[in-house]
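Asks: Below is one structure. I have some questions about it.
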Amino acid sequence: MDVHVTRSELRGTARAPPSKSYTHRALLAAGYSDGATVESPLISADTRATARAVTAFGGSVSPAGDDASTGGAAETESDLAGADALAVEGFGGRPAVPDDVIDCANSGTTMRLVTAAAALADGTTVLTGDGSLRSRPQGPLLDALGDLGVRAESTRANGQAPLVVTGPLEGGEVAIPGDVSSQYVTALLMAGAVTDEGVEVELTTELKSAPYVDITLELLADFGVEATPVDAAGDPLDGATGAAGFSVPGGQSYEPAGGSYAVPGDFSSISYLLGAGAVAAAPGETVRIEGARPSAQGDAAIVEVVEEMGATVDWDREAGEIAVERADLSGVTVDVGDTPDLLPTIAALGAVADGDTRIENCEHVRYKETDRVSAMAEELGELGAETTEEPDVLTVHGSESDLAGATVDGRHDHRIVMALSVAALAAEGTTTVRGAEHVDVSFPGFFDAMADLGMDVERD
């Protein structure tokens, strides 16, 4: 699907979708349990992939309160659409060997978390995905599982899917790099809690994207699971930042209080609504965003970034509401080592701002659904933005940029599509964004929400 976005003025209220990161973890945690309800989940292409994996391991996922919740999984994935809560019948900590290959589609989170879950099964699991996912690195996780006594291989011997995993995993000590993907750590912690011996994880490099591991630690605690970050001396830390490793005892059970878990709003998605308000709110008007309650999400840093760029932002944390007014933005320097998903949004804002916006520590952002550093540099260039791309830095020269409508490619990446749509709000004329259907990965109602705010958008 192509969308055509014309320069617009926005006003009104939008609601952030539930967090994709929390929904993935909650669905799998409920799968590890004997059964639990996941309230306010994000139903998207990515989270459906995790639901499929839970079902493949012998569990089921269906709308809570539906007849399907007592009779197995929803008959089709579309049966999950619009559900306010999902009833998950778990596999009690030990997944069955799947009857078929697990298709993770385009979801890197699903593949990494499910790879470790597959290691618990007493048999062989095969995992694959689409062309993009089959190009993403899984080698460090495969190596770690191999060191723990599991056969974990890439069929092409290149550290990329398709993957073949043969368990069972009993636990043990393992070393793994922390600067490729924090999801490797999350996968080991979630699976390690139900092993016989537990898992001790040593980081061989500094942990990037630490807030995503904090999300995992927060969710594990809510499911009654103990996992502890430690420093180099082995002493416990309060959070993942600066951790030298992690310890998760074995023999634990996943049991959320009251049998249910509520997913918070998604700050990665909030970043596009917040950015849109900062560049296109009508004079004297605000864009209000609901569903912005505080949590462990590092991407809440977007609020501070937008404020630093000069926008007026009012965040009522207790009510979970953010109000933002349009402003003349100025360039900033931002380190995205812990917040890689914010790079597309910040780059789009930088193209509108005066001066340079320098996005540092971003090499790991090249290993997402696409190389998001190059993608944003090249596609913003199509709109008239000037950028300088280095291996670990993207600089957007806002003062040298004059945005005008053009045809840009979303690169089959939901975050690229949404970020370019934000930039299009400030471009003269009409911008066509190709591949806009990929917003279904994390924010299925994105263009509906933007149209309700006043975006002039047409869809082919």
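Asks: Please grab the % of Cα pairs in the stretch 217-262 that end up more than 11 Å from each other.
Replies: 66 percent
Asks: Based on the mean of other beta carbon atoms within 10 Å per residue, what is the order of 439-452, 413-426, most packed first? Present the calculation step by step, with values, prior to reporting the outcome.
Replies: Values: 439-452: 21.0, 413-426: 28.6.
Result, highest mean Cβ count within 10 Å first: 413-426, 439-452.
Asks: Something else about it: Nearest 500 deg cm²/dmol is fine: what mean residue ellipticity at 222 nm does the chain get from its DSSP H runs of n ≥ 4 alone, each adding -39,500 (n - 2.57), divided by its residue count?
Replies: Working: 13 runs with 135 residues, N = 460.
Mean residue ellipticity at 222 nm (helix-derived): -8500 deg cm²/dmol.
Asks: Rule-of-thumb check for the stretch 370-443: C-alpha Rg over 2.2 N^0.38 Å?
Replies: Relative to the 2.2 N^0.38 Å estimate, the stretch 370-443 comes out at 1.05.
Asks: Related question: Quickly work out the D99-to-D122 label distance, labels modelled 7 Å from Cα along the C-beta direction, and quote it in nm with one decimal.
Replies: My value for the distance between the label points is 2.1 nm.
Asks: Using the 10 angstrom Cβ neighbour count as an exposure proxy, how do S8, S60 rank, fewest first? Present the calculation step by step, with values, prior to reporting the outcome.
Replies: Numbers: S8 18, S60 22.
With the fewest neighbours first, S8, S60 line up as S8, S60.
Asks: Along its principal axes, what span do the Cα atoms of the stretch 85-211 show, with the longest given first and each in whole Å?
Replies: Principal-axis extents of the stretch 85-211 (Cα, largest first): 37, 35, 34 Å.
Asks: Next question, about the same structure. Order 116-127, 158-169 from most to least packed using the mean count of other Cβ atoms within 10 Å.
Replies: Ranking the peptides 116-127, 158-169 by packing returns 116-127, 158-169.
Asks: So, one more: Return the long-range amide H neighbours of G265 (sequence gap of 5 or more, or a different chain), with a cut-off of under 5 Å between placed amide H atoms.
Replies: S19, R293
Asks: How compact is the stretch 334-398 by the rule of thumb for globular proteins, expressed as Cα Rg over 2.2 N^0.38 Å?
Replies: For the stretch 334-398, the normalised Cα radius of gyration is 0.96.
Asks: Computed FRET efficiency, Cβ-Cβ of E255 and E458, R0 51 Å: what is it to the nearest 0.05?
Replies: Rounded to the nearest 0.05, the efficiency is 0.55.
Asks: Two decimals is fine: what is log10 I(q)/I(0) at q = 0.14, 0.17, 0.24 Å⁻¹ for the stretch 160-240, from a Debye sum with one equal scatterer on every Cα and no solvent?
Replies: Evaluating at q = 0.14, 0.17, 0.24 Å⁻¹ gives log10 I(q)/I(0) of -0.48, -0.71, -1.36.
Asks: Using Cα pairs under 8 angstrom and six or more residues apart, how large is the relative contact order of the stretch 78-163, in percent?
Replies: On the way: 105 pairs, mean separation 21.5, N = 86.
Normalised by residue count, the contact order of the stretch 78-163 is 25 percent.
Asks: Report the semi-axes of the equivalent ellipsoid for the stretch 138-197 in whole Å, largest first, where each axis is √(5λ) for an eigenvalue λ of the Cα gyration tensor.
Replies: Computed over the stretch 138-197, the values are 18, 14, 9 Å.
Asks: Please compute the modelled spin-label separation between A175 and E290, points set 7 Å along Cα→Cβ, answer in nm with one decimal.
Replies: Simple spin-label model gives 5.2 nm for this pair.
Asks: Given points 7 Å out from each Cα along the Cα-Cβ axis, report the D448 to E39 separation in nanometres with one decimal.
Replies: 2.3 nm
Asks: For the stretch 1-62, what size does the Cα cloud have along each of its three principal axes, sorted from largest down, in whole Å?
Replies: 50, 25, 17
Asks: Using alpha carbons only, what's the Rg to Rh ratio of the chain with Rh from Kirkwood?
Replies: 0.97
A short reminder: the numbers here are calculations on the coordinates, not readings from a lab. Everything numeric here is computed off the predicted structure, so don't read it as measured data. As a convention, Cβ positions derive from the backbone with ideal geometry for all residues, glycine included, and neighbour counts pool all protein chains shown.
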